[in-house]
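What follows is a single structure, written as structure tokens, with notes after it.
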Amino acid sequence: MATQETTLKPLTRDEVSKHNKGGDLWVVIDSIVYDLSKFGNLHPGGIGVLLDEEVAGQDATTVFYGLHRSEILQKPQYQRLRIGQIEGEKQQIQHMKPGDISKVPYGEPTWLTPEFKSPYYKESHLALQKVMRKFVDEVIYPDAQSCEESGKRASKEVLEAMAKVNLNAMRLGPGKHLHGRELFGGVIKGEEFDYFHELVINQEIARIGARGYGDGLNAGMVIGLPPVLNFGQEPLRSKVVEEVFSGQKIISLAISEAFAGSDVANLKTTATKSEDGKYWTINGTKKWISGGMHSDYFTGGGLTAFLVPRGEGVETKQIKTSYSTAAGTAYITFDNVKIPAENMLGPEDGGLIVILSNFNHERWVMCCASARSSRMVVEECLKWAAQRRVFGKPLLAQAVIRAKFASMIAKIEATQAFLESVTYQMNNMTYKEQSRNLAGQIAFLKMQSTRFAGEIADDAVNIFGGRGLTKTGMGKFIEQFQRTQKFDAILGGAEEVLGDLGVRQAMRKMPKDVRL
């Protein structure tokens, strides 16, 4: 709820109307009076916009929200321009505070909407969502917006804060690695942590609206550390796991090559064992490695998998893609890199098993983020269509716009429902059962999530018009989404490959005794 200002001077609209020229310029936005007399010449849009007869000395609320995002008014430099409030009036527009739940229809999944119930989520899920939302809003979001623009990696302060609440450990999902750990100050016990808790974490992080930064924010750990956790040898395994969980070290998965993407069986990187069997020599290249520029460790290889520390013979070069260099996307060269035998992950010539073991989880994580990112875009569009006026009416008054929303909303609700159904199965299956029964379902889920995301991006740009193609301002999140949503359609297995995988998995169980 909006609250009435109690510290600002009461003013009348008549008083405000007298200040309507250059050097003496006041405006009203949502009952608050701003003195723009000195700011006018600094206005990015030029002073002419401010001197318009519908702005200077007038209530400019509608005009302002047609051109600017609401968070601008919360910045200190603009807060200082406030000099009063219209007498007897209250602010009508609510400014989101850290941790707030959106009241926009379909702005949140139904389980976070008071009118709806869910069979999947318990009190511990709600408790985790509450602290995670506030953590993301206060700690991660500001850093994400700054780094997405500058291209710099996530700040040391953010990485340390994540380690402090054991967020890194939680991002690997349920397991013994969480037992005995204090998660977010004790909001959930490690022994009780399930895939819905992890879904909550993944979807809250996706709300930062910074796609490149998100991939650079230890996303490489989510896919790069499980091979060490599940196949590493002691004492190296425990050492590396704790270094990464504590934020001391960064790890990434180095699988893809210029020669092999989805067809991981065709990797060219080689590992040659020494005659005494004490070490291996690795040669080859890896490409499009998320977080590679930031990493201290790399997991991957070829027919045999290894943990490779950054050191002599390891070189990383930045790859520029269509999203921010904050992702740390790298081209990696292994030139006669000598690795101790104890760094081998899994059995000799068993690298494919190590690599494939985490694919279901990796793809599921991407579906969590894709579904939430699509929902955020729909929420942005709903806000815009409600406040944007065209031909004298709100944009939402146009039937063609409402038709687009009908399609977009149906897609995000269907994707979230599919995601939660799969997550429930994950909670009730062993790892082997998941591998046997869910590979196809997760493949279809990812294909649907990313194809729907592409269609939602198209509609969103049309709803925002030119603003949907502009990197700053009202449509900045729409522009970024349409520019970067294709990453999810490629990473972790291209849509076509996953669709085919899902069908082949189904055909394996096709009964031989059925006919039309």
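List of remarks:
- Where labels lie 7 Å past Cα in the beta-carbon direction, separation of THR110 and VAL187 in nm: 2.5 nm
- Accessible surface computed residue by residue for the chain, with neighbouring protein chains in place and a 1.4 Å probe, gives 48 Å² per residue.
- For the pair region 148-165 and region 424-478, the centres of their Cα atoms are 25 angstrom apart.
- Put simply, when 144-154, 496-506 are sorted by average Cβ atoms within 10 angstrom per residue, most first, you get 144-154, 496-506.
- Highest to lowest packing among 49-60, 71-82, scored as the average C-beta count within 10 Å: 49-60, 71-82
- With every protein chain in place, the chain: carbon and sulfur % of accessible area (1.4 Å): 54 percent
- Shape of region 312-470, Cα gyration tensor, a/c cut at 1.5: oblate
- R0 of 30 Å, Cβ-Cβ distance ASN437-VAL497: FRET efficiency to nearest 0.05: 0.95
- Our note on the geometry: Cα centres of region 196-255 and region 502-516, 37 Å apart.
- Working from label points 7 Å from Cα in the Cα-to-Cβ sense, the LYS486 to ASP52 distance is 3.5 nm.
- FRET efficiency, ARG451 to SER238 (Cβ-Cβ, R0 45 Å, nearest 0.05): 0.65
- Inter-site label distance for LYS176 and GLN92 at 7 Å from Cα along Cβ, in nm: 6.2 nm
- 3J(HN,Hα) along region 165-175, derived from phi through the Karplus expression 6.51 cos²θ - 1.76 cosθ + 1.60 where θ = phi - 60°, amounts to 9, 6, 5, 4, 5, 5, 6, 8, x, x, x Hz, with x in place of Gly and Pro.
- Among GLN398, TYR424, CYS381 the positive-end extreme of the charge dipole of region 348-430 (Cβ point charges): GLN398
- Rounded to the nearest whole Hz, the Karplus-based 3J(HN,Hα) values (6.51 cos²θ - 1.76 cosθ + 1.60, θ = phi - 60°) of region 342-359 follow the sequence 5, 7, 5, 10, x, x, 4, 6, x, x, 5, 5, 4, 5, 6, 4, 9, 4, with x at glycine and proline.
- Nonlocal amide H pairs with LEU11, under 5 Å, H built at 1.01 Å: GLN85, ILE86, GLU87
- Shown here: volume of the Cα convex hull per residue in Å³, derived from the displayed model; of the candidates (i) 157; (ii) 176; (iii) 240, it corresponds to (ii).
- Gain upon complete extension [GLN248, LYS18; 0.36 nm per residue less C-alpha separation]: 76.8 nm
- Cβ-based charge dipole, region 137-210, positive-most Cα from TYR141, HIS179, GLY151: HIS179
- Estimated vicinal HN-Hα couplings, Hz - region 421-428 in sequence order (Karplus 6.51, -1.76, 1.60; Gly, Pro = x): 5, 5, 4, 4, 5, 4, 5, 10
The values are calculated or read from the model by the stated rules, or taken from the named source; none is laboratory data. All values derive from a computational prediction rather than experimental measurement. Backbone-built Cβ (ideal geometry, glycine too); neighbour counts: all protein chains shown. SASA here: full protein model, heavy atoms, side chains in, ligands and nucleic acids out. Shrake-Rupley method; radii C 1.70, N 1.55, O 1.52, S 1.80 Å.
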